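Here the structure is laid out as C-alpha cells; the discussion comes afterwards.
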Amino acid sequence: MTIFQKMILVPVFSLFLYGSFITYSFFEHQQSNKKIQAVRDSYIPVLEILNNNIHLFEQLSDTFKDTVLARESLWLVDALALKKELENNFVELEKFPHIIKIKQLNTIKNDFNHYYLHADTLAKDLLKEHATIHSEQNTIEDVEHYLHLSENHFQKIKYTVQNQFISTINNTTEVMNKLLFWGGIIAVSSVLLLVIVSFLLSLSTKSSFNSIIERTKLLASGDIDFSKRLVRVQQDELGVLIYWFNKLSDKLESDYLKLQTLSITDKLTQLNNRTRTDQFLPSAIENAKKHKQPLIFIIIDIDHFKKVNDTHGHLVGDDVLIMFATILKDSAKSGDYVSRWGGEEFVLVWQNLHFEPAVEKANDIRNMIADSHFPVVGKVTASIGLTVLTEQDDIEDLISRADKNLYQAKEDGRNRVVADS
Ligand SMILES: Nc1nc2c(ncn2[C@@H]2O[C@H](COP(=O)(O)OP(=O)(O)OP(=O)(O)O)[C@@H](O)[C@H]2O)c(=O)[nH]1
C-alpha cells in the first residue's frame, strides 16, 4: 500500500464511519419522532376519555346523592344520561386494545353497572312515599362497596395508562440518548484512530527516511562499505525508494570495484601495475621482517626490446610484452607476486623462498623465456637482477640493489641472472 493510500485511507474510513452513524442517527431520530407522535396520538385520547369518565362518575354519584336529599325523582333521568355517556366512553375505549386490556375494561364496566344498579334501586326506594332514610342495610352496603370499587378502578386504570404513556416516551428518549452516546464514542474513536494511525505512519516514515539520509551521508562522505544495505520493510513508495537506493549502491559497488581493479592493473598485460606494486611492497617487506621470512625481489628486463619495436613495429612489440607477461604469470606459484614495472621491465616478489632456490627458479624462468617461440619475432631473452631482503633494507635499498644486479646482467652480456648474496 502506498503512503498516499495509507494517509487517505484512515480519514476516509473515519469519515465513512462517522457518515454512517450520522445517516443512521438521522433515520433513527425520524423514527423516534414518529414513534413519540404515534404514542401521543393513541394515548392522549385514551387519557382524555378516562379523565372524562372519572368526572362523569363523580357527577353521577353527586346526582344520586342530590336526588335522595332533594327527593327529586326527575334527577334520576340525568343520572341515566350520565350512565349512557359513560357507557359510550367504554365503547370508545374498546377501540384501544393495545393500551387498555378488554378484560380489565369489562371488570370496570361490571363493577360500574353493579354500582349504578344498586344506587338507582336505592334511590328509587328512598323516593317512595313514607320511606325512611334507613333503607335496606344490604343495599346501602352494596352501593358503597361498588362506589369505592368503581372509583378505585377508574383512578387505577387512569394511572396505569398514564404510567404506560410516560414509560413509552421515556424508552424512546432513552434510545435517543443511547444513540447520542454511541455517536459521541464513534466520533471520538474516529478522531483517536486518525491521530494514532497518522502518528504511527509518520514515525515509521520518519525512521525509514532517517536511515536513507544516514546511509546517503555516509556514501557522500566516502564510506565505501558496500556490505551495508538498507532493509526494505514497507511495500510503499519508501520501500521502492529503499529498493532503488540499494540498487544504486550495487551499481556504485560494482563500478567502484571495476575502477579499483583498473587502477591497479596494467592495461596491456593485465598484470599488477606500478601503483599496485607501490602499495604491495611496503606491506610485503613489513610482513617478511615481522615473521623473519626471506623475501626475494626481482627486476626482469627484456633484452634489446627497442630492436623488436624498431624491426617489427610497436604492435608486435606489444604482443611480445603480452606473451612475456603470460610466461611470468604461468610460472608464478601461489603467493608469488608478478607485476609490470614499466616499459619492458617486470617485477617479481617471492615470499618465504630462500636465496639458492630463488636463483634456481629465476634461471628456470629465464630459460623458459629463452626457449619460447615468440610469433613474428622468434627468440627473446631477458636479463634478471635478483636480491634478497636484509634486516636493514628499506624499499629503496631493495630496488636499487636489484636494479644494480640487472644492470650487471646486461653488462655481462644479457640473458642471465645476477644475484647478490
Ligand atoms: N611496443 C611497446 N614498446 C614499449 C612499450 N614501453 C616501452 N617500450 C619500448 O621499449 C624500448 C626500451 O628500449 P631500451 O630502454 O633502449 O632497452 P632495450 O632496447 O631493451 O635494450 P636493453 O634493455 O639494454 O637490452 C623502447 O623502444 C620503448 O619505446 C610498450 O608498451 N610497447
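Computed from the coordinates by the stated procedures, all read-outs in this text should not be read as laboratory data. Given the structure is predicted, the values throughout are model-derived calculations rather than measurements. Cβ atoms come from the backbone with ideal geometry, glycine included; neighbour counts cover every protein chain shown.
Points worth noting:
- Long pairs among Lys34/Lys101; Lys307/Lys333; Lys217/Lys247; Lys329/Lys361; Lys333/Lys404, criterion Cα-Cα beyond 20 Å: Lys34/Lys101; Lys307/Lys333; Lys333/Lys404
- Pairs exceeding a 23 Å alpha-carbon distance, out of Lys84/Lys128; Lys95/Lys124; Lys289/Lys410; Lys228/Lys258: Lys84/Lys128; Lys95/Lys124; Lys289/Lys410.
- Highest-first packing order for the peptide set 268-277, 213-222, 181-190, 345-354 is 345-354, 268-277, 181-190, 213-222, based on the mean count of other beta carbon atoms within 10 Å.
- Proximal aspartates and glutamates relative to Lys83, as straight alpha-carbon distance under 15 Å, when same-chain residues fewer than 8 apart are discounted: Glu58, Asp62, Glu92, Asp111, Asp120, Glu151
- Å³ per residue enclosed by the Cα convex hull of the chain: 276
- Once the convex hull of all Cα atoms in the range 274-419 is built, its volume per residue stands at 100 Å³.
- The chain - percent relative contact order, Cα under 8 Å, separation 6 or more: 13
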